[in-house]
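The values are calculated or read from the model by the stated rules, or taken from the named source; none is laboratory data. The structure presented is a predicted model; accordingly, all values stated were derived computationally and were not measured. Glycine gets a Cβ as well: all are built from the backbone with ideal geometry, and neighbour counts include every protein chain shown. Accessible surface is based on the protein model in full, side chains and every heavy atom, while ligands, DNA and RNA are left aside. Shrake-Rupley method; radii C 1.70, N 1.55, O 1.52, S 1.80 Å.
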Amino acid sequence: MSVIWAIIRKDFQMEFRTKDSVTAMWIFSLLIFVIFNFTFEVSRLLMLQISPGLLWVAFIFSGMLGLNRSFQVEKENGNLRSLALTPADPGLIYFGKFFSTTLFTLIFEALIFPLFIIFYDIHLSLLTLWIIPIAILGTIGFTSLGTILSAVAIHTKQQQILLSLLLWPMITPIIIWSVKTTGDVLAGDLSTAFQPVIIRMIVFDVIFTTISYLLFEYVVQE
Amino acid sequence: MIEQVPAVITAEKLRKEFGRVVALRGVSFQVPASTFFTIFGRNGAGKSTLLSIISGMAAASSGVIRVFGEDPAARTQRHRLSVISHESFLYDNLTALENLEFYGKLYSVQDLKERTHHVLRQVGLHHRRFDLVRTFSRGMLQRLTIARAILHNPDLFLLDEPFTGLDQHATEMLIGLLETLKAQGKTILLTTHDLHIGLRLSDQYMILERQQVVETGSASGLTEDALREKYFSLISSGEAGQ
Ligand SMILES: Nc1ncnc2c1ncn2[C@@H]1O[C@H](COP(=O)(O)OP(=O)(O)OP(=O)(O)O)[C@@H](O)[C@H]1O
Ligand SMILES: [Mg+2]
């Protein structure tokens, strides 16, 4: 347990010293929202249909940024190798990196969401709170896989390419489900498919987190 | 019967293949406790591969490796060893103290607070403990790297060409530290292609050439010239690779 905390603590200590990624994330989200808000004169109905997708584009961007930050620091001075050389259980190292990346991404997302509400004139209701579990489930799906694939990518030269090549196809389902459920919530009307999709998201997260946890030991070896 | 001092490292017929590339072809040797053991060899001789297997980072394709009597892959002896390479293993955006505290937790170091202050004083960085590592000079970085490596008080040090990129001053400092560790009875395994430094520190040495052991011996009484002559007669001309 102390290993997981030590890693999360360390990542946050470092992140609060360099706030450039937060700035980049804000500017990017702002751009997406501005472009799609003012460039297209579309009806409110159509906007409601595309806005969940836009929100998730911004969320995924935050996630990519979070992953990148999280593993850049483990790469610079051979740190991932040195972590693997400690007596700490590789599974705990995985969870440390996974949690810290997830927390970062969720914080980024929480900063983006108010922007989104303002730009798209979203009507808030109690139902809107559903966005929180949906964001958490969608983000975990992304970061659980992203964490292990980033570790794989450290050992290869063209890491960014490999990362996106492997990551995108695998996370497609959870992204689609996230956009769908977000759409329901924003429309203020949960369809009959809502609940089964949420359950599918939970199952996806549990499966991929478990697999990544079990495989991490082999990934950090040479 | 006289009980024999068990070797800290025992390697028997270690072989390592990366696909069709052979990185080690049947390497056997022993490193007794409290010995400074140097492995000489050219680029591609297999030094780093050997060290990864000893540290448990890589598995041998065949052969037997024992460190403190156990298979390093079992990870039970991790707290007793420390690896130093030309990479610092430090986090640039943490302070010196935060770096040590972090690694101390991963090694479950007892009385971590006192221990971090102790090693920081030992390497002369105590007054800079609240400064970010990215503001450190090369020499200070080197000292903190050493502080990190001795933090959990290991018995065995694995050093893979640690002198790479160091200036005269930093080199002397590292040599001084290695001499201190040696005097403390630590077991040290060093790889280098610098015959001068290697010989100066070693009790025993081994020459790797074309992924094989071509010579082992005691370093005492051996002059640098004799070693140099031996080394260049053993390593044949051309590429060491394949
Ligand atoms: N991950 C790897 N994949 C493929 N081949 C490898 C790998 N690691 C090492 N080798 C090969 O194994 C051989 C021994 O390499 P090794 O890095 O152990 O040599 P070395 O003695 O440390 O050399 P150097 O002085 O350049 O560090 C070389 O031919 C090298 O190309
Ligand atoms: Mg090497």
| task | Between A:ALA110 and B:GLU215, with labels modelled 7 Å along Cα→Cβ, what's the label distance in nm to one decimal, could you check? | result | 6.5
| task | Could you pull out the trypsin sites (Lys or Arg not before Pro) across the range A:2-97 that fall in loop regions by DSSP (anything but H, G, I, E, B) with no more than 14 other Cβ atoms inside 10 Å? | result | A:ARG17, A:LYS19
| Using a Förster distance of 35 Å, how high is the FRET efficiency between B:ALA74 and A:LYS75, based on the Cβ-Cβ distance and rounded to 0.05? | 0.80
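When DSSP beta bridges are limited to those with both residues in the range B:8-158, what percentage is antiparallel, rounded to the nearest 5?
85
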| field | Estimated [θ] at 222 nm from DSSP helical runs (n ≥ 4, -39500 (n - 2.57)) normalised by residues in the protein assembly as shown, nearest 500 | value | -19000 deg cm²/dmol
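What is the Å³ per residue value for the convex hull set by the Cα atoms of chain A? Can you show the working numbers first?
Values: hull volume 28.1 nm³, N = 222.
Cα convex hull per residue, to the nearest whole number: 127 Å³.
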| Simple Cβ-charge dipole of chain B, Lys/Arg +1 and Asp/Glu -1, about Cα centre, in debye nearest 20 | 460
| field | Where the protein assembly as shown is the region considered: accessible area per residue in Å², 1.4 Å probe | value | 46
| remark: The percentage of the accessible area of the protein assembly as shown (probe 1.4 Å, all protein chains present) made up of carbon and sulfur atoms, to the nearest whole number, is 61
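Relative contact order for chain A: what percent, with Cα pairs under 8 Å and sequence separation of 6 or more?
28
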| Loss of accessible area when B meets A, both sides summed, Å² nearest 100, probe 1.4 Å | 2700
| task | Under 22 Å Cα to Cα from A:LYS75, which lysines show up? Leave out anything in the same chain fewer than 8 places away. | result | A:LYS10, A:LYS19, A:LYS97, A:LYS157, B:LYS105
| note | Candidates A:PHE142, A:PHE95, A:PHE119; GNM for chain A (alpha-carbon contacts under 10 Å) flags as most fluctuating A:PHE119
| field | Burial of 40 Å² or greater, the range B:68-90 residues [accessible area, probe 1.4 Å, versus chain by itself] | value | B:ARG75, B:ARG78, B:GLU87, B:PHE89
| task | Over the whole of A:190-197, what's the average partner chain Cβ count within 10 Å per residue? Rounded to a whole number, please. | result | 0
| Roughly speaking, what is the stretch gain from B:THR171 to B:ARG138, that is 0.36 nm per residue apart minus the C-alpha to C-alpha distance, in nm to one decimal? | 10.7 nm
| field | Fully extended contour minus Cα-Cα distance, from A:THR18 to A:ASP89, at 0.36 nm per residue | value | 22.7 nm
